[in-house]
């Protein structure tokens with residue numbers, strides 16, 4: 001199957017269903033080493049691994065995603081492959097070669113090889129990356145997400161680890177990993193994702209240990225989930241910090257932001273804005289309030305960021321440089337006492353972004369929570 005022949009334009013997901021059915025019927029069997037030269041492993045997670053390979057006969061370099069049959073359902077593999085193939089024409093989404101097969105022990109498909117790092121790897125702890133680079137990245141990811149949403153799909157796992165860079169200045173980036181992607185409107189049965197990026201409507205129905213019933217109505221997959229994660233990503237890459245641990249009433253950092261955001265006449269005075277957000281300009285605060293509205297019905301689409309890219313997002317410090325470091329506190333601090341109290345408020349977070357590759361199978365400071373904590377089934381109602 002060649003991705004150049006895949007028609008785009010059905011927004012109801014029926015084309016995905018048709019692709020899945022056709023791919024299931026034609027899924028061939030072969031052994032990896034018979035057709036590919038394995039150069040090295042370039043990624044690993046609970047899904048399996050990604051191998052840098054070259055095609056034995058054509059010499060084409062590829063990234064081969066390899067998923068163990070023992071832990072991968074065929075339908076899940078087919079869904080990820082077909083959604084990825086369906087969307088791979090977009091310049092800011094990782095391309096596919098139209099090669100999918102099974103071996104005795106694995107399901108595999110071949111992706112475009114992106115020579116570079118992921119966005120997570122270039123974020124400087126407690127500082128972030130330059131605002132100009134952030135804006136270049138944001139525009140490209142917004143374009144990719146708009147494209148995904150226009151085809152009736154939702155990514156559901158937008159985070160820096162899934163944004164690949166072709167250069168360190170974010171001149172060209174690509175959104176990757178559609179393992180959690182689903183059709184819009186799909187009823188959510190399992191809460192999956194990475195806690196700091198999960199929208200409050202998801203966190204409100206995630207069953208924790210000892211909890212047997214949910215207190216919220218049934219939830220379906222909607223683009224607003226991606227919009228929320230997108231807003232959190234922007235905060236992270238601008239600052240080098242997470243804005244909160246999780247979007248629940250028990251998280252003071254989230255609750256403080258949510259209360260400010262919900263205020264009927266939202267105060268924008270220096271002392272009224274939550275401390276974590278005081279480094280941002282009024283324009284940036286307005287953008288965040290729209291992307292991260294706790295009310296999913298009021299949350300804007302990702303394309304809203306275009307109205308703000310020509311405006312400053314970070315306040316200027318006295319030296320004229322942008323105050324990107326969380327340690328600097330509010331850029332309008334009235335003295336060392338205010339600055340110190342601001343730093344003290346940040347210290348419990350301990351969710352500093354560490355600039356090395358993130359491995360889903362190991363414990364990193366970015367993740368204090370096991371994935372099982374957010375993989376709880378929602379009881380039938």
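Quick notes
- Looking across region 167-199, the residues that are under 17 Å from residue 236 (Cβ atoms), modelled with pLDDT under 95 and not in a loop (DSSP other than H, G, I, E, B) come down to 195, 196.
- Looking at 74, 52, just one residue is in contact with a strand residue (DSSP E or B) (Cβ under 6 Å, 6 or more places away or on another chain) and at pLDDT 95 or above, and that residue is 52.
- Matching residues, region 284-316, being within 26 Å of residue 248 (Cα to Cα), out of contact with any helix residue (DSSP H, G or I) (no Cβ under 6 Å at 6 or more places or on another chain) and surrounded by fewer than 19 Cβ atoms within 10 Å (Cβ to Cβ): 286, 295, 297, 298, 301
- Among residues of region 216-266, those that are part of a loop (DSSP other than H, G, I, E, B), free of Cβ contacts under 8 Å to residues at least 12 places away in the same chain and either touching a helix residue (DSSP H, G or I) at 6+ places or on another chain (Cβ under 7 Å) or farther than 13 Å from residue 293 by Cα (or both), counted: 4
- Number of residues in region 120-130 that are part of a helix (DSSP H, G or I) and in contact with a helix residue (DSSP H, G or I) (Cβ under 7 Å, 6 or more places away or on another chain): the value is 1.
- Among the residues listed as 46, 135, 126, the single one being outside the structural domain of residue 17 (by TED's automatic domain parsing), closer than 25 Å to residue 236 by Cα and at pLDDT below 95: 126
- Residues satisfying the stated conditions in region 267-286, i.e. without any contact (Cβ under 8 Å) to a residue 40 or more places away in the chain and part of a helix (DSSP H, G or I): 277, 282, 283, 284, 285, 286
- Applying the criterion of being on the phi > 0 side of the Ramachandran plot and out of contact with any strand residue (DSSP E or B) (no Cβ under 8 Å at 6 or more places or on another chain) to the residues of region 99-142, the residue that is surrounded by the fewest Cβ atoms within 10 Å (Cβ to Cβ) is 126.
- The residues on offer are 220, 250, and the sole one that is assigned by TED's automatic domain parsing to the domain that holds residue 133, modelled with pLDDT under 95 and touching a strand residue (DSSP E or B) at 6+ places or on another chain (Cβ under 6 Å) is 220.
- Residue 285 being within 15 Å of residue 244 (Cβ to Cβ), in the same structural domain as residue 234 (by TED's automatic domain parsing) and modelled with pLDDT of 90 or more: no
- All of 4, 84, 29, 14 fail the test of being more than 24 Å from the chain's Cα centre (by Cα) and at pLDDT 95 or above, apart from 29.
The values are calculated or read from the model by the stated rules, or taken from the named source; none is laboratory data. Small disclaimer: the values here were computed from a predicted structure and weren't measured. Reconstructed Cβ throughout: ideal geometry from the backbone, glycine too, with neighbour counts over all protein chains shown.
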